[in-house]
Amino acid sequence: MIKAVIFDMDGTVLDSMNKSVENRVEYIQSLGVDLNNEEIEDLKNVGWHETYSHINKTKGTNFSEKAFLDGIWETHYAGYQNGYELIPGFLDFLDYLDKKDIKYAIATATRMKGALDVFERFDLMDRIEFIITEGRVGITKDFPDIYLQAAAKMGADTSNTIVFEDALYAIETSKKAGFKTIAVKEERFIDDLEEITAISDLVIDDFNQLLEMIENKEIEF
């Protein structure tokens with residue numbers, strides 16, 4: 001029986017990833033760095049935390065990590081405040097979880113300020129158990145700590161918690177830790193879809209599709 005659900009934020013419950021790339025491109029070009037179409041396409045496979053090292057390596061620049069990431073964060077943050085929308089069906093799926101008395105939380109690589117703005121904007125803070133970030137945990141999703149801590153905080157464990165993610169590396173981490181993991185398709189990771197499908201327990205386009213599968217008894221929570 002499922003006791004808890006852990007959601008990633010960007011790309012999983014929030015349709016932010018494509019705009020995130022656009023924001024990063026605008027910021028990088030504002031620093032005087034030209035990017036061709038191939039280099040812009042490459043950024044789709046680079047997390048915003050790794051963008052500074054990627055640009056330094058591929059463009060021969062020497063940007064400092066803090067200043068560069070702070071600049072990207074400011075461009076991305078505006079979208080959290082008023083630009084990004086929820087993945088279709090997410091609110092209805094939360095209604096379903098509420099009816100089943102299943103707890104849910106957010107585990108994100110995003111800074112806490114941005115995550116709070118998102119869920120306050122959609123009036124969800126009273127419904128979500130808590131938000132846990134990589135920054136608060138002190139380690140990335142390359143390691144399972146964030147998922148294990150989130151599950152434990154909800155009185156659950158790997159045997160009765162489902163994790164929703166979009167990125168291959170995070171799905172791999174969740175699965176290796178023993179969590180049932182559902183992947184949400186995200187355009188940025190389309191090249192990884194075959195591998196994502198192979199290791200995930202289920203792959204969905206959005207939460208409307210998941211609710212339809214539940215209604216048709218194709219999957220049970």
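The values are calculated or read from the model by the stated rules, or taken from the named source; none is laboratory data. Being a predicted model, the structure only gives us computed values, none of them experimental. Virtual Cβ from ideal backbone geometry, glycine too; neighbours counted across all protein chains shown.
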Practice problem: Name every residue in the range 123-135 that is out of contact with any Asp or Glu (no Cβ under 8 Å at 6 or more places or on another chain), exposed (fewer than 15 other Cβ atoms within 10 Å of the Cβ) and not acidic (D, E), in order of residue number. | Solution: M125, F130, G135
Self-check item: Pair list, Cβ under 6 Å, 6 or more apart: the range 138-158 residue under 13 Å from K175 (Cβ atoms), other residue at pLDDT below 95
Solution: K141/A170
Practice problem: Just one of (1) touching an Asp or Glu at 6+ places or on another chain (Cβ under 8 Å); (2) outside any helix (DSSP H, G or I); (3) more than 23 Å from E186 (Cα to Cα) trips up T61, so point out which. | Solution: (1)
Quiz item: Can you tell which of Y80, Y96 is over 23 Å from A151 (Cβ atoms) and of a type outside the set (D, E)?
Solution: Y80
Quiz item: Being out of contact with any Lys or Arg (no Cβ under 8 Å at 6 or more places or on another chain), surrounded by 13 or more Cβ atoms within 10 Å (Cβ to Cβ) and assigned to a strand (DSSP E or B), is that true of even one residue in the range 67-77?
Solution: no
Quiz item: When both residues are 6+ apart or on different chains and their Cβ atoms are under 7 Å apart, which pairs have a first residue that lies in the range 42-61 and is farther than 17 Å from R111 by Cα, and a second that is hydrophobic (A, V, I, L, M, F, W, C) and not in a helix (DSSP H, G or I)?
Solution: H54/V46; I55/V33; I55/F63; N56/F63; K59/V33; T61/V33
Quiz item: Would you pick out the residues in the range 188-221 that are surrounded by 13 or more Cβ atoms within 10 Å (Cβ to Cβ), within 17 Å of the chain's Cα centre (by Cα) and modelled with pLDDT under 95?
Solution: R188, F189, D192, L193
